[in-house]
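Before any comments, here is the structure.
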Amino acid sequence: MEDISYFLVAKIERSKERAKSILPTYPCLQPSDTTAFRIALAKYLEVIRNTVAHTTHAGDKPSEQKGKQPAGPAKDEAPAWWWKDVVVRKSIIDECCGERFERLMLALSSHAVLKNTARVPPTLQRPLSEEDHAVRPHIALHRFIS
């Protein structure tokens, strides 16, 4: 769970250095590191959820941001409606199982995909030929992972 969460936070923040500043105990080598990681992750997810929930539409600016908070939605991004029914609690992250945990991880991964698809390279924006239709999903997935 820690590896996946760190990967998604790095994708949302668009740099591993920023993810490391948000989740400083990664990689978790001791049980105390895991506890601190989960507390930091819960705080980060709560900030994302509140930022998205209190933004009425994509063009609004969220309230003043400080420190390790994530960047707000850009003007060209769609609102992240999937956070609406997600509950963020440290106990859900600690258990790492159940429907609430799955919804939380789905919301986090959906948010990462939205952040990374907003900057699609021009080569993928051109009209596709028949040959390209089979290749494009693999290219997009490769660009998201790398």
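Here are some notes:
- Positive contributions from Lys and Arg (+1) and negative ones from Asp and Glu (-1), summed over other residues with Cβ under 11 Å from the Cβ of Arg38, come out at -1.
- Global form of the stretch 1-60, assessed from the alpha-carbon gyration tensor, a/c cut-off 1.5: prolate
Since every read-out is calculated from the coordinates, none of them should be taken as a lab result. All values derive from a computational prediction rather than experimental measurement. A quick note on method: Cβ atoms are made from the backbone with ideal geometry, for glycine too, and the neighbour counts reach across all protein chains shown.
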